[in-house]
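The values are calculated or read from the model by the stated rules, or taken from the named source; none is laboratory data. Quantities reported herein were computed from a predicted structural model and do not represent experimental measurements. For neighbour counting, all protein chains shown are included, and Cβ atoms are generated from backbone atoms with ideal geometry for every residue, glycine included.
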Amino acid sequence: MKIRNLFLILLMISAMVFAGCEKNEMQTEANSPNESNRTFVYNKGKYELYSKKLFDAVLNSLDDNDFKRFIKTEAIKQFDGDYDVLLATTLEQKIEISQKSCNLTFGEYLIPKLEESTQKVLHDEINYLDSILKYCPLIQISVPELEESSTEDWDYTSDEVLLAYLPTEFDEKTYDYITAYNKNGETVQLSLDTLPSVTVIVIGNNERVEILNQDNSKNSNLNLYYRGKYYDYTLSDSYQSYAETTENITTSEKGANSIDRDNYSGKDYLYKGKFESRQAFRQVESWPSGRPEFKVIIVYSDRNGSTLTANSVVKILSKDGWIKRYVFYTDIVTKTIDVPVFTWYKDRFGLYMKYHWIEQDNGDTSSEVSTTLSNEYSDSFTGSVTVKTTIKDGDDEAGEAIVEYEDPAHGEGTWYSTGIMTFSVTKK
């Protein structure tokens, strides 16, 4: 108990371009879509308070096979592409209790696990469950994959298990290790560079789900995943500001250099991707955070006469397929992404586009990142456009690369490098 209270005290302390133009040149800027709908702002003090209460409840459950069976069952559903259990959507789920004739909801199960006086349990802890929905809407219990299929193969009845907590300021670039606890409250330091030898349950914020105030979600083009008491929940998906035109547009005639995009109709595809190295992978994602998740901002200019409009397409890539984990190391693999972008009309979109990669880790505050493209057209018209995109403070830059219209775009297409990621773009 003393160790546990000391942990809570320590954690509480730690919480404490303008537009202008010249002849044949123009610069414009634009914002990416949908960001204004994401209006939730963390109350960090309340978040730390209620997330620590959840930590204590889970710590008291580490020797309970009913609890561990429930967490494993929910985690391997991989609702967001990772082994995550979002608390807001599971409080009403039934948990099978071996020694009782009737099952409880997960919320009902958690109530007696909280360290409060018996007189206040029925009142304060119900308020706690309500408060966590309000102040910790993205909090989750996850079981990160430590080697291939380790979560599916987890023997919750006999395997040792540890519990770790990721604070809101957790960042792979500044943390070397995290503190984990066993069921007796004893601590162990876990390196972010070395995979643990036992299963670790991690409490932190979900990186894939986004929340919207319910009034704002009505006008959003994001798919609703769950409607909670205070917020609407959406799963990040591809969204774009460019709508494929239905007008007849004349494409360029076949050129002397036999340019693929001149010769064949169809859309560009973000086809394959891979980390440059294991070191590059460790720069943007560590094992407690699960699998890496990327947002790719594709910036282009749309020309109408002598006017350029800044535009972007944003693609959210699935988490699976980037890495393969083994007992003692993590291997980097080539992932087939195969995500359509759009048809590249040279007269409208020019000779260049820029692919800006962001690894998403969420966070409690937001900032803007600018992506600037200097473009050129066949008649020597030049200009630059800037797109501003809102990212979370925990997100990691994964570099930029220019894609050229005249690059080969058949088969796997042309490969590009951002310094952290390599990727190919082709045409189908």
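Data overview
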| quantity | calculated |
| --- | --- |
| Residue in the stretch 234-242 that is touching a Ser or Thr at 6+ places or on another chain (Cβ under 7 Å) and at pLDDT below 85 present | yes |
| Candidates ASP302, ASP262 - the one that is in a strand (DSSP E or B), modelled with pLDDT of 90 or more and among the acidic types (Asp, Glu) | ASP302 |
| Residue satisfying condition, being among the small types (Gly, Ala, Ser), surrounded by 15 or more Cβ atoms within 10 Å (Cβ to Cβ), modelled with pLDDT of 80 or more and part of a loop (DSSP other than H, G, I, E, B), within set SER131, SER51, SER98, SER61 | SER61 |
| One residue from SER374, SER384, SER378, SER312 being loosely packed, with under 15 Cβ neighbours inside 10 Å and over 29 Å from LYS77 (Cα atoms) | SER378 |
| Residue satisfying all of: in the stretch 191-202; aliphatic (A, V, I, L, M) and surrounded by fewer than 20 Cβ atoms within 10 Å (Cβ to Cβ); farthest from GLU160 (Cα to Cα) among these | LEU192 |
| So LYS77, is it modelled with pLDDT under 90, among the basic types (Lys, Arg) and assigned to a loop (DSSP other than H, G, I, E, B) | no |
| The stretch 280-291 - residue that is closer than 23 Å to SER150 by Cβ and not hydrophobic (A, V, I, L, M, F, W, C) and, of those, surrounded by the most Cβ atoms within 10 Å (Cβ to Cβ) | GLU285 |
| Residue tally, condition part of a strand (DSSP E or B), among the β-branched types (Val, Ile, Thr) and modelled with pLDDT under 95, over the stretch 388-428 | 3 |
